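Enquirer: Submitted below is the structure of interest, expressed as structure tokens.
The values are calculated or read from the model by the stated rules, or taken from the named source; none is laboratory data. Remember, predicted model here, so these are calculated numbers, not experimental data. A quick note on method: Cβ atoms are made from the backbone with ideal geometry, for glycine too, and the neighbour counts reach across all protein chains shown. The accessibility values were calculated without ligands, DNA or RNA, using every heavy atom of the protein model including side chains. Shrake-Rupley method; radii C 1.70, N 1.55, O 1.52, S 1.80 Å.
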Amino acid sequence: MVEALASEPARPRLTAIGQVEAWFASRGWTPWAFQRDSWAAFDAGSSGLIEVATGAGKTYAAYMGPLAAMIDECEGGGALAGVRVLYVTPLRAVTRDIEKALALPILEMGLALTVEGRTGDTSAATRARQRDRLPNVLVTTPESLSLLLTREKACEMFSTLRCVIVDEWHELLCSKRGTQVELALARLRRCAPGMRTWAMSATLPNREAALGAAVGVEAEEPTGTVGPPGTQRPRAVVVTGEMHRPIVIESVLPGEDSRLPWAGHLGLSMLPDVVASLDAEVPTIIFTNTRSQSERWFHAIQVLRPEWSAVMALHHGSIEREERERVEAGLKDGSLRLVVATSSLDLGVDFSPVERVYQIGSPKGIARIAQRAGRASHRPNVACRILCVPTHALELFEIDAARRALLAGEVEARFAPDKPLDVLAQHLVTCALGGGFVADELFQEVRTAWSFRALTRQEFDWALALVERGGGTLAAYPEFCRVRAQGGLYRVVGARIAQLHRLNVGTIVGDASVDIRYMNGPSLGRIDEGFIAHLKENERFVFAGKVVRFAAFRDLVAYVRPAKGSTLNTVLWPGTRLPI
């Protein structure tokens, strides 16, 4: 007789958070205390603000709680239908990295969940698929989110939403893009009442105000009053982490035979000194404050040190997407070691190989220089260094002031704009497209957005009159009569107005831009129409770090040919302006 072997006791099934912890362990990671605190707070039903230093792991702090909730939903097997997590980032350049970071635990844990992006760079095929079905995790920008809200069945589409994660909240907070996000969040909370909001931010002194702007305020019953509608939403928390990342600010000074000018903003007088301090073997980002300045510096360094061309690149928002992706990949794998960039690389991107950061010109604020310094040595508890290059003598005082402020732990506060009615007017048209709205209901909804918590009915009616009949001055022009009440429901009045609104949605508006491409060759990116209008045939200029000469302009495309030599003629972008 053979005695049967005793079977091993069944292992207890891991909880969803236990599976998250196990995944961290499988990669040799140990969650930080602030990450576990964030997961627990989300599990308890809280919204919140995660405030820790750059490079500390905020993304997984905000994401793993909602991921655990999705794991619980998947317990019965099968795929989830509908979007559960919406991740909003201010820069479309980082969406691919974020997609990969959010998809990594899903792939390695074998979960039947989907992650996709939705930005201006998203392919037509992906957009078409998303018209019928959104992924479980969607990464998008404020502008693309507003576009999604213009869909006829937007509320139905977002009814399954459980969490919105807003990245780089300190950058969005004090701008009208942040107000645009606040209004979108208020709309989403109506579509999905149980939705939680988690914002991520670098250090802010006014964290309670930043939290309030992210999570909104409680709605009140419509009583006809015009005062602020209650207080901050309940169950909102601030999660902080003791992550020591000292910032070391150094300056590049002119040599003995030269001196700083008293005016100017390009800083090219410092070019020899900057080049002498650069090491092509050390991965470095050289930040500038404008796209035109980045073009000039990249071209100037390339002319002075042509042997660095193979390891140098340029990155800004007007360059073709494929080229931007090539530069980002090169920074990550170490094949590119000197990259001149604008703010297109100073938010949310983890380029671990980067060890040095330069700032050309004024840092424009303490928080901004801390953000850019954080791109260097992007690892927890590792000091980051930034070398500031003054473009004129007075900027030495700005650099010293920033250094003193950081040593004292001082960072400027960021405040949300107070009732920007131009953003509200645009949002009214968005809501009219997205299924329509009832004025009384939308008034109460808008007042749950922090920036509009003290909005009066008179102010709301003024914005409504502006989009309904052009206000008091534009009623004679049909294009300004954008919405119309039909049985108490406000809707957009025509297909052309709907199309124009979708093409111009957002708070970033500049001059009309056109494609720039080689004759019979690839596209280089986008260029402002105003710059092209002043070019003569065969005139040389610098774009995307290349010297080209203007060949022709037809069908809204500027055609160029490669050119040799160097030129000081660089594309100028007038910046952005807010829409009316």
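Enquirer: Ignoring ligands, DNA and RNA, what percent of the accessible area of the chain is carbon or sulfur (1.4 Å)?
Expert: Solvent-exposed carbon and sulfur of the chain make up 54 percent of the total.
Enquirer: Once a ≥ b ≥ c are taken as the square roots of the eigenvalues of the Cα gyration tensor of the stretch 76-122, is the result rounded (a/c under 1.5), prolate (a/b larger than b/c) or oblate (a/b not larger than b/c)?
Expert: In terms of gyration-tensor shape, prolate.
Enquirer: I need the phi-derived Karplus couplings for the stretch 471-480: 6.51 cos²θ - 1.76 cosθ + 1.60, θ = phi - 60°, integer Hz, Gly and Pro marked x.
Expert: x, x, 10, 10, 5, 6, 10, x, 5, 9
Enquirer: So, in Å, what gap is there between the alpha-carbon centers of the stretch 291-329 and the stretch 251-284?
Expert: Each part's Cα centre sits 18 Å from the other's.
Enquirer: Between Val248 and residues 5 or more places away or on another chain, which pairs have amide H atoms under 5 Å apart, with H built 1.01 Å from N, and which residues are they?
Expert: Those lying under 5 Å, H to H, from Val248 are Cys384, Arg385, Ile386.
Enquirer: Please list, in chain and number order, the residues 5+ apart from Asp121 or on another chain whose amide H is under 5 Å from its amide H, with Hs placed from the backbone.
Expert: Long-range HN contacts for Asp121: none found.
Enquirer: Jot down the per residue volume, in cubic angstrom and as a whole number, of the convex hull over the alpha-carbon atoms of the stretch 237-313.
Expert: 184 Å³
Enquirer: Name the residues whose placed amide hydrogens come within less than 5 Å of the amide hydrogen of Leu524, ignoring near sequence neighbours (fewer than 5 apart) on the same chain.
Expert: The list, which skips near neighbours in sequence, is Ile516, Arg517, Tyr518.
Enquirer: For each cysteine in the chain, check whether another cysteine's C-beta sits under 4.7 Å from its C-beta; list those where none does.
Expert: By the Cβ distance rule, which asks for a partner under 4.7 Å, the isolated cysteines are Cys74, Cys163, Cys174, Cys384, Cys388, Cys431, Cys481.
Enquirer: Could you list the GluC sites (Glu not before Pro) in the stretch 248-357 that lie in coil according to DSSP, counting only those with at most 11 other Cβ atoms within 10 Å of their Cβ?
Expert: When the GluC sites (Glu not before Pro) of the stretch 248-357 are filtered for loop state and at most 11 Cβ neighbours within 10 Å, Glu256, Glu281 remain.
Enquirer: How charged is the neighbourhood of Val239? Take every other residue with its Cβ under 14 Å from the Cβ of Val239, and add Lys/Arg as +1 and Asp/Glu as -1.
Expert: With Lys, Arg at +1 and Asp, Glu at -1, the neighbours total 0.
Enquirer: State log₁₀ I(q)/I(0) for the stretch 148-195 at q = 0.13, 0.18, 0.29 Å⁻¹ as given by the Debye formula over alpha-carbon point scatterers of equal weight, solvent excluded.
Expert: Listed by q, the Debye log ratios stand at -0.31, -0.58, -1.07.
Enquirer: Ignoring everything but the protein chains, give the 1.4 Å probe accessible area of Thr59 in square angstrom, nearest 10.
Expert: 40 Å²
Enquirer: So with the 1.4 Å probe, I'd like the accessible area per residue for the chain, rounded to whole Å².
Expert: Here the per-residue accessible area is 45 Å².
Enquirer: Quick one: check the C-alpha center-to-center distance for the stretch 428-459 versus the stretch 552-566, whole angstrom.
Expert: Measuring centre to centre over Cα atoms gives 47 Å.
Enquirer: Per residue of the chain, what 222 nm ellipticity follows from adding -39500 (n - 2.57) for every DSSP H run with n ≥ 4, rounded to the nearest 500?
Expert: Rounded to the nearest 500, the figure is -10500 deg cm²/dmol.
Enquirer: Another question, if that's okay. With a 1.4 Å probe and every protein chain left in place, tell me how much accessible area Lys176 has, in Å² to the nearest 10.
Expert: That residue has around 50 Å² of solvent-accessible surface.
Enquirer: Mind listing the phi-derived Karplus ³J(HN,Hα) values for the stretch 410-419, rounded to whole Hz, using 6.51, -1.76 and 1.60 with θ = phi - 60°, and x for any glycine or proline?
Expert: Each residue's phi maps through the Karplus curve to give 9, 9, 5, 6, 10, 10, 6, x, 9, 6 Hz.
Enquirer: So how much accessible area does Trp29 have, in Å² to the nearest 10, using a 1.4 Å probe?
Expert: 100 Å²
Enquirer: Quick one: work out the % antiparallel among DSSP beta bridges in the chain, nearest 5.
Expert: 30 percent
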